[in-house]
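Below you'll find the structure, written out as structure tokens, and then a few comments.
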Amino acid sequence: MAEEAVKVFLDSNVILFGFLSDKGAPRIILDLLSLDLPFLSGLTGQYNIIEIKWNLKNKLPEALPVYKEYFPKLGLEIISLPSKEEIKDYKDIISEKDVPVLASAIKGEADYLVTGDKDFIKVENKGRFSFKIVTPQEFLEIQGGKAAKWKIVNR
């Protein structure tokens, strides 16, 4: 029986740093997703896409062509913007700007929310969510044997 794919929700900063660097954990994760491996499924939120495009337009316009060319190759499932009802229970957990990200990961039924945002990493989530909140490096380490195979992707 085939193993079910690990669903990894990528925060905006992971996607941006992955495109801006040719090495490191965010880049490894993007490289893996671009391979369309059967054991790994990527997702992000429409809210994250809006945030990424804003940052590219206003802070990193030179990276916009790279984003436009390579983002489609990641094959990410895009989770629609969460409704006010979907975010109301999470407003006291994390900063207001991060609530839609958290709600999108929940809505997407992620196994992991991968982020470099320290506010997320501080969130105590033992048993509260159906996913773990981890840094990109932690995600690769948690995957154990798979992570060892993945590191060969790093160029």
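As for segment 51-60, it holds no residue that is among the β-branched types (Val, Ile, Thr) and free of Cβ contacts under 8 Å to residues at least 24 places away in the same chain.
Given the residues 78, 28, 52, 15, which is the only one that is among the aliphatic types (A, V, I, L, M) and surrounded by fewer than 18 Cβ atoms within 10 Å (Cβ to Cβ)?
Values: 28 fails: surrounded by fewer than 18 Cβ atoms within 10 Å (Cβ to Cβ); 52 fails: surrounded by fewer than 18 Cβ atoms within 10 Å (Cβ to Cβ); 15 fails: surrounded by fewer than 18 Cβ atoms within 10 Å (Cβ to Cβ).
After ruling out the rest, the residue left standing is 78.
The set of residues in segment 17-33 that are under 10 Å from the mean Cα position of the chain (by Cα) and of a type outside the set (Val, Ile, Thr) comprises 26, 30.
Considering each of 81, 64 in turn, give the residue that is farther than 22 Å from residue 134 by Cβ, modelled with pLDDT of 95 or more and either touching a Leu at 6+ places or on another chain (Cβ under 6 Å) or not in a helix (DSSP H, G or I) (or both).
Details: 64 fails: modelled with pLDDT of 95 or more.
On inspection, the qualifying residue turns out to be 81.
Given the criteria surrounded by fewer than 18 Cβ atoms within 10 Å (Cβ to Cβ), modelled with pLDDT under 95 and not hydrophobic (A, V, I, L, M, F, W, C), does residue 124 qualify? Taking the combined requirement at face value, the residue satisfies it. Considering the conditions (1) buried (at least 22 other Cβ atoms within 10 Å of the Cβ); (2) under 19 Å from residue 101 (Cβ atoms), residue 46 is excluded by exactly one of them, (1).
Results for (1) at pLDDT 90 or above; (2) among the polar types (S, T, N, Q), shown as yes or no for each residue.
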position	(1), (2)
48	yes, yes
74	yes, no
86	yes, no
92	no, no
106	yes, no
110	yes, no
115	yes, yes
129	no, no
149	no, no
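In the set 89, 98, only one residue is under 16 Å from residue 135 (Cβ atoms), among the acidic types (Asp, Glu) and either part of a helix (DSSP H, G or I) or in contact with a strand residue (DSSP E or B) (Cβ under 7 Å, 6 or more places away or on another chain) (or both); that residue is 98.
The values are calculated or read from the model by the stated rules, or taken from the named source; none is laboratory data. Remember, it's a predicted structure, so these values are computed and weren't measured experimentally. All Cβ positions, even for glycine, are placed from backbone atoms using ideal geometry, and neighbour counts span all protein chains on display.
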